[in-house]
Amino acid sequence: MRRLRRGILGSRRARRILRPLGLPAVRRLRLAHARREAGDYAAAAREFHELGVQGEAEGIPRSVQAFLLAGQSYLLAGQRQQGLDDLRHAVEGARHFGQLDRLMAAGPRIADELRAAGFASEAQTFLDSLGSAGAAPSTSASAGPRPPRLPPKCPSCGGIVHPGEVEWADERSVLCDYCGSVIPGEEG
Ligand SMILES: [Zn+2]
C-alpha cells in the first residue's frame, strides 16, 4: 500500500496532486504559524522543519512551503546555518516536486522579507540557489484571473495568504499554500 502510494505520488502525472493535509498536520501547522506570529521563531522553525520533513517523506509538494517557513524562522531565531540549509532544501524540494515556477513567484517577496529583517546576504543566497536550480523569471503576476478579495490568513491553518502567489481552486477561491484547504474570496 505504502509503496503503491509513493509510486503514484512520484509519477509525473501526479505532480499536480496538491491534496489537503490531514487534520493533525493542519493543527501542527496552525500552532507553528501562531508561534511565528508571536515571535517565538525557534519553536516555529522546529515545527515547520518537522512538518517539512514529514511532508516530504510522504511525497507532499506543500512540504516546500514548510521548509521555506522553517528557513525564514531559523534565521529570525539567530540559527543562521539551519536557516540557510532549510531555504536551500526548499529550492531542492521545489525542483523535485515540479514547483520551481511557483517558488519563483514567491521568491522576490521572500527575499524582501529576509532583507527587511536584516538578512541581505542570505536573501541573495536564496535567490542565487533559485536561479541555479533553473527557475524561470516569474510571469505569474499577469497570468490567471483577477484575484477576488482574499482574507489575510487561511481560516484553516492560520497561514498568511499572499494573493500574488496563490493557486486557484476556481474563479472565486484559492487553495491554501500551506494546508491545501479551499479559501473562498470575500464578496465585494
Ligand atoms: Zn491553510
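Readers should treat all values here as calculations from the given coordinates under stated rules, not as data from a laboratory. A quick note: this is a predicted structure, and the numbers were derived from the prediction, not measured. Glycine gets a Cβ as well: all are built from the backbone with ideal geometry, and neighbour counts include every protein chain shown.
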Please compute the modelled spin-label separation between Arg109 and Glu171, points set 7 Å along Cα→Cβ, answer in nm with one decimal. 2.4
Sorted by chain and then number, the residues having a modelled amide H within less than 5 Å of the amide H of Ala169, at least 5 places away or on another chain, are Val174, Leu175
Quick one: which residues, 5+ away or cross-chain, put their amide H under 5 Å from the amide H of Ile60? H built at 1.01 Å from N. none
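Which order do the peptides 35-42, 80-87, 62-69 take when ranked by the mean count of other beta-carbon atoms within 10 Å per residue, highest first?
The packing order, highest mean first, is 62-69, 80-87, 35-42.
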Can you compute the charge dipole magnitude of segment 21-142 about its Cα centre, using +1 on each Lys and Arg Cβ and -1 on each Asp and Glu Cβ, nothing else charged? Give it in debye, rounded to the nearest 20. 240
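Between Glu58 and Gln124, take the C-beta separation as r, use R0 = 41 Å, and let me know the FRET efficiency to the nearest 0.05.
It comes out at approximately 0.80.
Give the peptides 162-175, 101-114 in descending order of average Cβ contacts within 10 Å, highest first.
101-114, 162-175
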FRET efficiency, 1/(1 + (r/R0)^6) with R0 35 Å, evaluated for Gln81 and Glu187 via beta carbons: 0.15
